[in-house]
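Throughout, read-outs are computed from the coordinates displayed, never taken from laboratory work. The shown structure was predicted, so the numbers you read here are calculated from the model rather than taken from an experiment. Because the Cβ atoms are built from the backbone with ideal geometry, glycine has one as well, and the counts that use them run over all protein chains shown.
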Amino acid sequence: MNVLEILAQLETTVKKGPKVMGRSMVDADQVAALVSDLREALPQDIQKAQEVLQQREGLLNQALSEASRVRVQAEEEMHQRIERSPDSAEAHKHAEDIVKTAEKRVQELLGNAERQAKRVQADAESFAQERTKGADEYAHSILLHLEEEISQLLGSVRKGIDSINQQREVRA
């Protein structure tokens, strides 16, 4: 289960508990189990964010591999043209142009990969922060509501005990 599903179950448990004197009663073991599940689910969301970061690294590695391949291909083409050309100076200049073009393409590929990786990372960080903040706020409000209901229920129990004690004193 993910964090939001667990929080929804916690809310359902609080809202659908039996009513005693206008207050909801909850199964403490069930609430404790849901809180435990919530603690376990948060690391799963963090793991998903780490997977996104690994994807970012993969994109960068892929771009570096492609850049290396383009450079090697350009150098091979340069050497082949030099060997085939009767005019070595012209071939050398043409080869230099090919290398410059390849280097420019490599820089473009690296720039694009870096921008894409930064976008993926920023999206993952934003998602993780929003998810954690939302879960914290939701859990906090549910727990405050639960605390209020339990406190009121304890007050009602105390009044019942006091009433019984008064009746005993009157009979004695």
What length, rounded to one decimal in nm, is gained on full extension from D123 through to E137, with 0.36 nm per residue of separation minus their alpha-carbon distance? 3.0 nm
What are the aspartates and glutamates whose alpha-carbon lies under 18 Å from the alpha-carbon of K104, with same-chain residues fewer than 8 places away excluded? E66, E75, E76, E77, E96, E114
Label-point separation, S151 to A8 (7 Å along Cα→Cβ), nm: 3.0 nm
Relative to the chain, whose Cα atoms define the longest principal axis, helix 3-15 and its Cα axis are tilted in degrees, nearest 10, by 10 degrees
Check each of the trypsin sites (Lys or Arg not before Pro) in region 14-43 and keep only those in coil by DSSP with at most 12 other C-beta atoms within 10 angstrom; list them in order. K16
Apply 1/(1 + (r/R0)^6) to the Cβ-Cβ distance of L60 and M1, taking R0 = 41 Å, and write down the FRET efficiency to the nearest 0.05. 0.75
Size of electric dipole in the chain: Cβ of Lys, Arg +1 and of Asp, Glu -1, about Cα centre, debye, nearest 20: 800 debye
If the elastic network links every pair of Cα atoms under 10 Å, which of D162, D37, D123 fluctuates the most in the Gaussian network model of the chain? D162
With each pseudo-label sitting 7 Å past Cα toward Cβ, what's the Q107-R171 distance in nm, one decimal? 9.6 nm
Let me know the shape class of region 17-80, please: from the alpha-carbon gyration tensor, a ≥ b ≥ c as square roots of the eigenvalues, rounded when a/c is under 1.5, otherwise prolate if a/b is greater than b/c, or oblate. prolate
Length-normalised contact order of the chain, Cα under 8 Å, at least 6 apart, in percent, tallies to 30 percent
Farthest toward positive dipole pole in the chain [+1 Lys/Arg, -1 Asp/Glu at C-beta], among L7, H140, G22: G22
At what distance in nm do the modelled label points of V99 and H79 sit from each other, each positioned 7 Å from its Cα along Cα→Cβ? 1.3 nm
Using Cα atoms only, what is the angle between the long axis of helix 88-171 and the major principal axis of the chain, expressed in degrees (0 to 90) to the nearest 10? 0 degrees
For helix 28-84, report the angle its Cα long axis makes with the longest principal axis of the Cα atoms of the chain; keep it between 0 and 90° and round to the nearest 10°. 0 degrees
